[in-house]
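A.B. asks: Below you'll find the structure I mean.
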Ligand code: 13P
Ligand code: ZN
């Protein structure tokens, strides 16, 4: 089968297009990666050709031999639908977990500059979900970014505010969200810190920059990003009207909700 006929490539392109339509991908902002299953990669093997090995700059032995579909560095999400082969590609990780090679696409390009963060996150999530987690998504979500200028950069504060601003939030991300202070993007350091947070959360906020989301498939991961960003948008609206909420979803309401929906909220984030 041709890569562009496969369900995983169609799902990837569709999600990139949805993210672009949300306004989260100005210029080349944001990036997406998908860990391709053995069955999926076998079904497209006639369409693969292997380039030279290149350094990843981080070590991900837990991903040895794995294949990923990734967005290209400097490429624009708005162009992915029209030309996936130029703006995205497929890479394989070597047996040491220190090198990758391009097997399809990424014409005149290389994988996203956030490849270290994506792969370190995949390695952690693959381990703790026993292989279930396949998608890592980075987006420049406007309202979350705005909030990182006014709220304390603490996991507990962001989690509580986001849970409180929309009833579905505690159900969608009961583990909460992690927050990192501003750091230089595109490198090993921010990748390692993000992966540390991914041990506890499926969502990590990069202050003054955006968010990383992890999930088992495209719908779940996009839905997670969308839900958190929508909640952030409601908080921005409320704070723009008044510094004080007149009424809200209380912590006891959150506890009742968690009971009804059979989700376990992190008790340390409730008052
Ligand atoms: P890339 O174009 O290299 O993916 O970088 C975009 C980005 O959002 C960096 O954080
Ligand atoms: Zn970014």
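A.B. asks: Give the percent of DSSP beta bridges with both residues in segment 122-271 that are antiparallel, rounded to the nearest 5.
C.D. replies: Rounded to the nearest five, the antiparallel share is 75 percent.
A.B. asks: From Cα pairs below 8 angstrom and at least 6 apart in sequence, can you work out the relative contact order of segment 68-220, rounded to a whole percent?
C.D. replies: Working: 254 pairs, mean separation 36.2, N = 153.
Computed over segment 68-220, the figure is 24 percent.
A.B. asks: Among rounded, prolate and oblate, which fits segment 208-270 when a ≥ b ≥ c are the square roots of the eigenvalues of its C-alpha gyration tensor, a/c under 1.5 means rounded, and a/b larger than b/c means prolate? Don't skip to the end; give the middle numbers.
C.D. replies: Values: a/c = 2.28, a/b = 1.10, b/c = 2.07.
The shape class here is oblate.
A.B. asks: Turning to a different aspect of this structure: Which value in deg cm²/dmol, rounded to the nearest 500, describes the helix-derived mean residue ellipticity at 222 nm for the chain, given -39,500 (n - 2.57) per DSSP H run of n ≥ 4 and division by the residue count?
C.D. replies: On the way: 10 runs with 105 residues, N = 271.
Only helices count here, giving -11500 deg cm²/dmol.
A.B. asks: Which percent of Cα pairs goes in each bin when the distances of segment 65-132 are cut into 5 angstrom slices starting at zero?
C.D. replies: Calculated over all Cα pairs of segment 65-132, the distribution is 4, 17, 26, 23, 16, 10, 4, 0 percent.
A.B. asks: Quick one: grab the alpha carbon gyration tensor of segment 138-271, order the square roots of its eigenvalues as a ≥ b ≥ c, and give me rounded if a/c is under 1.5, else prolate or oblate depending on whether a/b is larger than b/c.
C.D. replies: On the way: a/c = 1.74, a/b = 1.27, b/c = 1.37.
Oblate, because a/c is 1.5 or more while a/b does not exceed b/c.
A.B. asks: Give me the angle, in degrees from 0 to 90, between the Cα long axis of helix 7-21 and the longest principal axis of the Cα atoms of the chain, rounded to the nearest 10.
C.D. replies: Between the helix axis and the principal axis of the chain, the angle is about 50 degrees.
A.B. asks: Helix 115-128: angle to the longest alpha-carbon principal axis of the chain, degrees 0 to 90, nearest 10?
C.D. replies: 70
A.B. asks: Also: In whole percent, what relative contact order does segment 167-271 give with Cα contacts below 8 Å and a gap of six or more residues?
C.D. replies: Numbers: 95 pairs, mean separation 32.5, N = 105.
That works out to 31 percent.
A.B. asks: Let me have the relative contact order for segment 1-91, percent, based on Cα pairs under 8 Å that are six or more residues apart. Could the numbers behind the result be given before it?
C.D. replies: Working: 100 pairs, mean separation 35.5, N = 91.
The normalised contact order for segment 1-91 reaches 39 percent.
A.B. asks: On to the next question. Test of understanding: express the Cα radius of gyration of segment 29-97 as a ratio to 2.2 N^0.38 Å, with N the residue count. Can you show the working numbers first?
C.D. replies: Numbers: Rg = 12.8 Å, N = 69, 2.2 N^0.38 = 11.0 Å.
Dividing the Cα radius of gyration by 2.2 N^0.38 Å gives 1.17.
A.B. asks: Please report, in Å, the Rg and the Dmax of segment 140-214, where both are computed over Cα atoms only.
C.D. replies: Over segment 140-214's Cα set, Rg and Dmax evaluate to 11.7, 36 Å.
A.B. asks: Among 181-193, 65-77, 101-113, how do they line up from the highest to the lowest mean number of other beta-carbon atoms within 10 Å?
C.D. replies: Values: 181-193: 14.9, 65-77: 21.5, 101-113: 18.8.
For the peptides 181-193, 65-77, 101-113, the packing ranking is 65-77, 101-113, 181-193.
A.B. asks: Note the angle between two axes, namely the Cα long axis of helix 218-241 and the longest principal axis of the Cα atoms of the chain, as a number of degrees from 0 to 90, rounded to the nearest 10.
C.D. replies: That works out to roughly 40 degrees.
A.B. asks: Same structure again: Could you tell me what % of all Cα pairs in the chain have separations over 26 Å? Don't jump to the answer; show the numbers that get you there.
C.D. replies: Numbers: 14795 of 36585 pairs.
Looking at the chain, the distances longer than 26 Å represent 40 percent of pairs.
A.B. asks: Under the rule a/c < 1.5 gives rounded, and otherwise a/b versus b/c splits prolate from oblate, where does segment 106-160 land using the Cα gyration tensor? Don't skip to the end; give the middle numbers.
C.D. replies: Values: a/c = 3.10, a/b = 1.39, b/c = 2.23.
Oblate shape, in that a/c is at least 1.5 and b/c is the bigger or equal ratio.
Coordinate-derived values only; no laboratory data. Here the structure is a predicted model, which is why all the values come from computation and not from measurement. Cβ atoms come from the backbone with ideal geometry, glycine included; neighbour counts cover every protein chain shown.
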